[in-house]
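Peer 1: Quick one: the structure is below, questions incoming.
The values are calculated or read from the model by the stated rules, or taken from the named source; none is laboratory data. Computed from a predicted structure; not experimentally measured. Glycine gets a Cβ as well: all are built from the backbone with ideal geometry, and neighbour counts include every protein chain shown.
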């Protein structure tokens, strides 16, 4: 883990284990990608961003766990998956989805199906450039 990744969790140390579980699952199931840590989010890129983690409050305080991550990813369609907390269409042909993660158990096959689709969507966008 880089210094930038550790710094990202300075104010949210309880979410670090969740992040480690997520990145481990990504490494096991996805192709090559790069991790770019910034002050407000960590990006997963192939070379375009396909997933992002942040502390975006995608749910009201009363409905979210104390330690959480918001996983954001883009698809070429709006997902009707029931665990999506928020979805928006910032540009035609691209939908942004936010899923709040509160435990490693939520990093399951259903989530990875969404992320694999986002990974392929970002990779296809990169080839068209």
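Peer 1: In a loop (DSSP other than H, G, I, E, B), out of contact with any strand residue (DSSP E or B) (no Cβ under 6 Å at 6 or more places or on another chain) and surrounded by fewer than 16 Cβ atoms within 10 Å (Cβ to Cβ): does that describe residue 62?
Peer 2: Criteria not met by residue 62.
Peer 1: Still on this structure, I have one more. Looking at residue 47, is it loosely packed, with under 15 Cβ neighbours inside 10 Å, under 20 Å from residue 125 (Cβ atoms) and touching a residue at least 12 places away in the same chain (Cβ under 8 Å)?
Peer 2: yes
Peer 1: As an exercise: evaluate residue 121 against (1) in contact with a helix residue (DSSP H, G or I) (Cβ under 8 Å, 6 or more places away or on another chain); (2) part of a helix (DSSP H, G or I) and give the number of the one condition it does not meet.
Peer 2: (1)
Peer 1: Would you tally the residues in segment 1-44 being assigned to a loop (DSSP other than H, G, I, E, B) and either modelled with pLDDT under 95 or surrounded by fewer than 18 Cβ atoms within 10 Å (Cβ to Cβ) (or both)?
Peer 2: Total meeting the criteria: 11.
Peer 1: Filter segment 45-67 down to residues that are at pLDDT 90 or above and either touching a helix residue (DSSP H, G or I) at 6+ places or on another chain (Cβ under 8 Å) or at positive phi (or both), then give me how many there are.
Peer 2: Within segment 45-67, residues that are at pLDDT 90 or above and either touching a helix residue (DSSP H, G or I) at 6+ places or on another chain (Cβ under 8 Å) or at positive phi (or both) number 10.
Peer 1: Looking only at segment 65-79, filter to residues that are outside any strand (DSSP E or B) and touching a strand residue (DSSP E or B) at 6+ places or on another chain (Cβ under 9 Å); which one of those is surrounded by the most Cβ atoms within 10 Å (Cβ to Cβ)?
Peer 2: Looking at the filtered set, the residue picked out is 68.
Peer 1: Right, here's the next one. Please find, within segment 92-123, the residue that is nearest to residue 12 (Cα to Cα) out of those that are surrounded by fewer than 16 Cβ atoms within 10 Å (Cβ to Cβ) and either touching a strand residue (DSSP E or B) at 6+ places or on another chain (Cβ under 7 Å) or free of Cβ contacts under 8 Å to residues at least 24 places away in the same chain (or both).
Peer 2: It comes out as 105.
Peer 1: Please identify the pairs in which a residue from segment 1-17 that is in contact (Cβ under 8 Å) with a residue 60 or more places away in the chain and at negative phi has its Cβ atom under 9 Å from the Cβ atom of a residue that is surrounded by 13 or more Cβ atoms within 10 Å (Cβ to Cβ) and outside any helix (DSSP H, G or I), counting only partners at least 6 apart or on another chain.
Peer 2: 17/67
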